[in-house]
Amino acid sequence: MKPTTTLAIAIAASLGVACSSSSSPQTTSGGGGGGGVAQLMKDRNLTEADVTAALKTFTPSGRHDEYYIFASGGHSGQVIVIGVPSMRILKYIAVFTPEPWQGYGYGDESMKILAAGRRHGHDITWADTHHPALSETAGDYDGQYLFINDKSNPRVAVIDLKDFTTKQIVTSPLIESDHGATMVTPDTDYVIESSQYPAPLGGEYADVKEWNDKYRGAVIFWKFDRAKGRIDPTSSFAIELPPYMQDIADAGKKVSDGWIFINSLDTERAWGGNKEGNPPLESGASQNDMDYLHVINWKKAAEVAKAGKTEQIAGMPVIRLQTAIDEGLLYFVPEPKSPHGVDVTPSGEDMVVSGKLDTHTTVYSWAQMKGLIDAKEFATKDPYGVPVLSFEKSIRGQAEVGLGPLHTQFDGDGFAYTSLFLESAVAKWSLAKLEVVEKIPVNYNIGHLLTAEGDTVSPDGHYLVAMNKWAIDRFAPVGPLLPQNFQLVDLSGPKMQLLYDMPIPLGEPHYAQMIKADKIKAENIYSPAGIDPYTGERSANAVEPNQERIEVKPDGVHVYMTAIRSHFTPDIIRVKQGDQVHLHITNIEQADDATHGFALDSYNVNLSLEPGEHNDVDFVADAAGVFPMYCTEFCSALHLEMAGYFLVEPK
Ligand code: CUK
Ligand code: CUA
């Protein structure tokens, strides 16, 4: 029991109730009666802080949120869309994994998108999604596209925010994992994907003992073609990096535009082997006091790649390490104690780096680093010949923030917010003075954090979300696998206030971004009818009303079908066992939310047909029998009657 504010105490005293802190687990009960706010507070055991938090997040029916969060869905391979301040989940966007409700991975075109993410000949049905990146114009979110990576099977996806649908997955056999992904350059010229765990480039084999010579990292610059809304792999290139473990990346902006920054760990080049006489990787990789911040001139690198000073490796033009050194594309700066996050400040003038085993964040000055680079004033070289700048001459200073700092975001008032993993807290500190002004505890083990538009050139501040790894006692027990805990914090008052706990029971999200809602221009229908969302174009197989038909062609039976409340036309399909079947289905509705599903018994056919959407699906009718097909969305009063039969006559 801990008193909070005087008003709460006064109310509590007058009502004779216990006034308890909202930060310890407890059960709210009762609720109800007609006794007004004071009675409700008493019945539900709420403090004044609880009530103000409720007032700040409650969103009446029909009212929309101020912001969207786009959060990584972790292991689910999806993106979670959340409204702020209500913290209501608005959508899961299917990205790297089949998703039944959206019919993603069940029709021809979406299967093609997933198939583009195959690696080493394998279908991959999960992803370790880490870092979403909204497209930017002049360093500010423009609300058009979203990119996200899969760390485990290095892949990058493109999502169009017109319809919140994944349009493309790209992957390169050049690398075997990624982590510094995805980040975009300020005008979204490139989507950055850098490797984490070194491996021989291009999927070759070499024993791990050949680490120093044969293993390498790389950073891929995926060229984004905004007019097409797709990555253009043929205009993309990579830079070879030494076999350190490259970590998080961020793009320079404004004064540092043209450069990117990538952390690294394991400059010791330890590779494990704890049964081979070596220390385990974690201690082998933590011997050095300093690792290397990678400073890369991407604008110049793009010119070097264009000039053809590359080698083709696994189909990707690669600027070799020696070329990168010779052309002045790559520099290192020491960074302390197992660095993790690198975050460029809104002005682009500073780079904030946190060392997981340090209590400081280190603030690097772009002006100082650029001065050293221009003057060719290098302190030393790494074993591969990469020039290393002086640590002391590169930093503006350090801020003592607390235990286990990881990631930093910004507000519009000159403050930075750093997550403290070991301390389970967020530190708010002044960028100018490099001094902590306030801390707020979070529950528990915070990884990333985000503020509204907090990694752009013009952060809003306003709200902060702590993305906590552990929930422990925050929610009702659900067995040993607990949800993650997103905590919404209000930054608008004189003190940070915790507003809301949101369980995330889907995977470990890592990062998220928060964008003003009015920047998102989502469309409610596909118009004209017949558009395949995955190509974004009207399908050649789109079906018009009254043109429904079944045609037998040399390649099989083609069914041209429409869906409209409350029937499919045709609703009876007769084929022979062994026939190749091509279903072409258009939802010809043009009304908001008039989605139909299409399910076919025992053939694993499941489509979601949004208004105006067209899908194709091919399969062999190898099993004879009678198979009901029906609409899976309760679309009208006669939804249950929106059904038919797929009849497969035995051979
Ligand atoms: S990483 Cu997860 S807490 Cu992949 Cu961005 Cu830092
Ligand atoms: Cu269409 Cu139910």
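Structure summary
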read-out	value
Beta bridges per DSSP with both ends in the range 531-649, % antiparallel, nearest 5	70
Residue-averaged [θ]222 nm for the chain, counting only DSSP H segments that reach four residues, each worth -39500 (n - 2.57)	-3000 deg cm²/dmol
Of all accessible heavy-atom area on the chain, the percent that carbon and sulfur account for (1.4 Å)	53
Cα-based radius of gyration of the range 414-472 once divided by 2.2 N^0.38 Å, which approximates compact folds	1.11
Under 16 Å from the Cα of LYS370 - aspartates and glutamates, other chains or at least 8 residues apart	ASP257, GLU327, GLU349, ASP350, GLU392
FRET efficiency, 1/(1 + (r/R0)^6) with R0 22 Å, evaluated for GLU400 and THR380 via beta carbons	0.20
Chymotrypsin sites (Phe, Trp or Tyr not before Pro) within the range 155-211, DSSP loop, no more than 15 other Cβ atoms inside 10 Å	TYR205
Of LYS300/LYS439; LYS56/LYS521; LYS56/LYS91; LYS306/LYS519; LYS167/LYS519; LYS393/LYS495, pairs whose Cα-Cα distance is over 29 Å	LYS300/LYS439; LYS306/LYS519; LYS393/LYS495
Distance (nanometres) between label positions extended 7 Å along Cα→Cβ at ALA138 and TRP101	3.8
Reduced Cα scattering model of the range 38-99, Debye log10 I(q)/I(0), q = 0.18, 0.26, 0.28, 0.29 Å⁻¹	-0.74, -0.99, -1.06, -1.10
Counting DSSP beta bridges with both ends in the chain, the antiparallel % (nearest 5)	90
The range 67-519 - percent relative contact order, Cα under 8 Å, separation 6 or more	12
Three-way shape label, the range 531-649, alpha-carbon gyration tensor, a/c 1.5	oblate
Extended-chain gain in nm, criterion 0.36 nm per residue less alpha-carbon gap, VAL436 and LYS516	26.0 nm
Residues of the chain: accessible area per residue with a 1.4 Å probe, Å²	40
Reference-scaled alpha-carbon Rg (2.2 N^0.38 Å with N residues) for the chain	1.06
Within straight-line cross-link reach of LYS151, lysines at Cα separation under 18 Å, skipping those fewer than 8 residues along the same chain	LYS469
PHE58 versus ASP473: modelled label distance in nm, points set 7 Å from Cα along the beta carbon direction	2.8
Reachable aspartates and glutamates from LYS381, criterion Cα separation under 14 angstrom, eight or more residues apart if same chain	ASP291, ASP326
Cleavage-rule hits, GluC sites (Glu not before Pro), the range 319-393, DSSP coil, Cβ neighbours within 10 Å at most 12	GLU377
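The values are calculated or read from the model by the stated rules, or taken from the named source; none is laboratory data. Here the structure is a predicted model, which is why all the values come from computation and not from measurement. Positions of Cβ are generated from backbone atoms using ideal geometry, with glycine treated the same way; all protein chains shown enter the neighbour counts. SASA here: full protein model, heavy atoms, side chains in, ligands and nucleic acids out. Shrake-Rupley method; radii C 1.70, N 1.55, O 1.52, S 1.80 Å.
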